[in-house]
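Below is one structure, written out as structure tokens; the observations come after it.
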Amino acid sequence: MGKGKQRKQIILPPELPPEIADDDIEVSDEDLQFVDENKDYAGFVSRLDTHSINKQVTRVEGVNEDALEALYEKRRRKTLEQKENEKSVVQVDPVDALPVKSLDGEVYYLSQTAEVTENEGDVDKSVVKLTKAERRAKLKKTKKEAKKMGKELAKTEEVQPTQQEAALAEVKEDLTAEEAFEAKKRKLAELGMALLADPEANIKSLKEMLQFAKDGDHSIVKLGLLSLLAVFKDIIPGYRIRLPTEKELEMKVSKEVKKMRFYESTLLSAYKGYLQKLLALEKQPRFHHVVVRCICTLLDAVPHFNFRESLLVAVVRNIGSSDDVVRRICCSTIKSLFTSEGKHGGEATVEAVRLIADHVKVHDCQLHPDSVEVLMSLSFDDDLGKPEVQEGNNKMKNKKNKKRKNFEESNQPQGNDRKRSKQETIAKMKEEVAADYKAVSYTPDVEEWKRMQSETLSAVFETYFRILRHTMRSSVASSEANGNITSGGSGAHPLLAPCLSGLGKFSHLIDMDYIGDLMNYLKRLAARGSSSDSSAQKVQNLTVSERLRCCIVAFKVMRSNLDALNVDLQDFFVQLYNLVLEFRPGRDEGEVLAEALKIMLCDDRQHDMQKAAAFIKRLATFALCFGSAESMAALVTLKQLLQRNVKCRNLLENDAGGGSVSGSIAKYQPYGSDPSLSGALASVLWELNLLSKHYHPAISTLASGISSMNSAQNQVYISISPQQAFKNLLLEAESFEYNQQGGTQKSNKRKGRSTALASTLASVEPPPVDENEVSKKLRRHFILLRDIKENERLRGELDRTTSALQLYEEYKKQRKPATLKNKKSKKARTTVGM
């Protein structure tokens, strides 16, 4: 009974958390951002009825509201009593102390009791239990302080780590750049090898390789250009690509033809892009050498292929460059183009010569001599223009034969129509095959070949005559105005020397209508610089070498057209006679003088006696004044003139007046300008006596041999020319200087070689020239000169010092007796006074 009546215990739900003020609530930025972005989904929170929710949560099943409210009120009073009791207890802040777990598993914080006085300021606030809001504020404050301390520490330790990081970053950049460079190199090599292995399958790789030429790294650009050069040299076909027309593209073709068309079009477009890139990079100095080398290599390897005109323009533009490397590469390419016409059938030669002619015209003949010297590599048929009559006769014969055949065929019966039609079809097929073969091959027919050679020759002579006219009308002022040219030639006419050399080489191909004007030009140019030149138009004086070349060209032209010319060359002999005295070794070219002596004096069999004697006398005077090589050329010419003109050997006699033949002029005029009026037969070759004592044994031996010649007719002519004698002695002099520091035995051998050279006048092989050895010798020479001057200065000072000492000694000796007399007189005076 008692148990049934026992009251049932009511368990209240847990107490709701206390309400927190809005200022104490901390909301993160992510929560705010989330709410702002999702307002439509979070709007229901603002519409919640918290009172109804609290009422629903706090209710207990089976208990009325009044009893439940009484129980809640009882629990509230109990909690208030506990709070009042806790006021006298100082509890450690859980934030500043670790929790303790009891044996029952309950976790609590340590606390200590302390008497609280009325003055609450006596209690240490650090150990007083803080409220939840105070704890949050304190936690936030400590976090801010920790962050601030971390920033300060990072600032203090920032200097040393940044330097290390910068160094590490640089190393990483270098490593990555090297890795990228190596990767690009490998990619280039792979693409190139694939193209060389199978061009048709990998033809698309050309565009990918062309992208490397647009890279930011200059080394990669150069490698890309050179790689493409190697690929194009190998895969370019041996014919000129012609793209199909629109009608041909509309036609149905096989797969192989489509594949070939695609291959050719892709190759041609890539090649065009490569050339455009080369021409664009040519203007940049860092790529100039590589670009010029690529262009020249392509022109030399595939002169038959498309876009040859662009390559030729670029090469001719750099043919007169101030850069020796670029100019040498371009000149060698043009020469190779001229000598290997089988690659292009001669068309490239015509185009190149025209471009060179235009280039000379645009630059007003102020270019490097190599720009025109390349034309010397051209070759022409000797019978260019002669077979025209024969060809005309052959054409007439062919016409007559055709008429005869047609007449015979007309007389034949009509039954042979089928046979005739068959023969016509066969003839048409042969003509088509011949036309196709001619289009593919690079060997044009005879008429086409002669036409191209005629155009080339006319362009060459146009260039040469333009240079001659420019030289004639150019004044000193114009030459000074053009002083900033890029030519490497000497003087104001850099192209005159190669122009004259070319005229001498191709003199046999000059048209007869222009030879008269050419000889007048040469005569006027050879007289430039002489006192006898009284032309109204004052042209800058030419050098001695250039005037000698004019004389040489005149004689070559005359001998090449001997049958059709009747020209008096006396003026050129007069110029040579005067130029011998104006010649200066070192300033002028000895080879040109030796060539002039050979062509004008030695090659002619007979000369006028007065003129030959004048040249003999002047050459003897010349040999006495200048170097050994020039003297040897003069003596060789002198000996040949004496051998061919027997009466001139009277100059070797010692009789006054030149022996038995003195000529119409009784007195020799050494400074006369005309060799025919110099009266050289009235003189004696006394210069040979001095030349026989020349320091060089070859010259002394040759001079002695000439002096011992007699007037007999049966003299054996020597076969060596002045040019060969000049070269031999020049080489022998170089070997003499090269072996100068040898022993006495070597010097004796050199003397023996020199004597043997004088007797045989044989050629001597040039020794190898070591530039380092030459520079060492020059350095020792100048050091020796400096030491000699220093010794002379020291000797002068020593002489002055010794002379001063001697004067001082003499002065002392002269003063000694005077001092003795003064002492004796003083003693005498003292004794008298005492």
Checking Y274 against (1) in contact (Cβ under 8 Å) with a residue 12 or more places away in the chain; (2) open to solvent by less than 100 Å² (accessible area, probe 1.4 Å); (3) more than 19 Å from K214 (Cα to Cα), which test does it fail?
(3)
Among the residues of segment 309-322, are any of a type outside the set (A, V, I, L, M, F, W, C) and closer than 30 Å to E200 by Cβ?
yes
Please work out which residue is most open to solvent (accessible area, probe 1.4 Å), limiting yourself to segment 282-292 and to residues that are touching a residue at least 40 places away in the same chain (Cβ under 8 Å) and out of contact with any His (no Cβ under 9 Å at 6 or more places or on another chain).
V290
Return the pairs, sorted by first residue and then second, in which the second residue is modelled with pLDDT of 90 or more and open to solvent by 20 Å² or more (accessible area, probe 1.4 Å), the first residue lies in segment 462-481 and is within 14 Å of L495 (Cα to Cα), the beta carbons are less than 7 Å apart, and the residues are 6+ apart or on different chains.
R466/K361
State whether the residues of segment 188-201 include one that is open to solvent by less than 60 Å² (accessible area, probe 1.4 Å), more than 30 Å from the chain's Cα centre (by Cα) and modelled with pLDDT under 85.
no
With of a type outside the set (D, E), in the same structural domain as D300 (by the TED database) and open to solvent by 80 Å² or more (accessible area, probe 1.4 Å) as the only criterion, which of K222, K184, K207 stands out?
K207
Does S269 satisfy being farther than 30 Å from R328 by Cβ, part of a helix (DSSP H, G or I) and among the hydroxyl-bearing types (S, T, Y)?
yes
What about V313, is it within 20 Å of K283 (Cα to Cα), surrounded by fewer than 21 Cβ atoms within 10 Å (Cβ to Cβ) and either in contact (Cβ under 8 Å) with a residue 40 or more places away in the chain or outside the structural domain of L268 (by the TED database) (or both)?
yes
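Return the only residue of S322, S340, S310 being at pLDDT 90 or above and among the polar types (S, T, N, Q). Let's see the steps before the verdict.
Details: S322 fails: at pLDDT 90 or above; S340 fails: at pLDDT 90 or above.
S310 is the lone residue from the list that is at pLDDT 90 or above and among the polar types (S, T, N, Q).
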When you scan segment 564-631 for helices (runs of 4 or more DSSP H) that lie fully inside it, which ones turn up with 3 or more residues that are open to solvent by 20 Å² or more (accessible area, probe 1.4 Å) and within 22 Å of A698 (Cβ to Cβ)?
609-625
Please count how many residues of segment 322-333 are buried (at least 21 other Cβ atoms within 10 Å of the Cβ) and either in contact with a Leu (Cβ under 9 Å, 6 or more places away or on another chain) or of a type outside the set (A, V, I, L, M, F, W, C) (or both).
1
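Results for (1) closer than 21 Å to L601 by Cα; (2) at pLDDT 60 or above; (3) loosely packed, with under 13 Cβ neighbours inside 10 Å, shown as yes or no for each residue.
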{"position": "R473", "(1), (2), (3)": "no, yes, yes"}
{"position": "N484", "(1), (2), (3)": "no, no, yes"}
{"position": "G488", "(1), (2), (3)": "no, no, no"}
{"position": "P494", "(1), (2), (3)": "no, yes, no"}
{"position": "G502", "(1), (2), (3)": "no, yes, no"}
{"position": "K505", "(1), (2), (3)": "yes, yes, no"}
{"position": "A526", "(1), (2), (3)": "yes, yes, no"}
{"position": "V539", "(1), (2), (3)": "no, no, no"}
{"position": "A554", "(1), (2), (3)": "yes, yes, no"}
May I ask you to say which residue of K214, K259, K222, K247 is over 24 Å from the mean Cα position of the chain (by Cα) and in contact (Cβ under 8 Å) with a residue 40 or more places away in the chain?
K259
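The values are calculated or read from the model by the stated rules, or taken from the named source; none is laboratory data. Please read these numbers as outputs of a predicted model, since none were measured by experiment. Because the Cβ atoms are built from the backbone with ideal geometry, glycine has one as well, and the counts that use them run over all protein chains shown. To get the accessible areas, we keep the full protein, side chains included, count just its heavy atoms, and leave off ligands, DNA and RNA. Shrake-Rupley method; radii C 1.70, N 1.55, O 1.52, S 1.80 Å.
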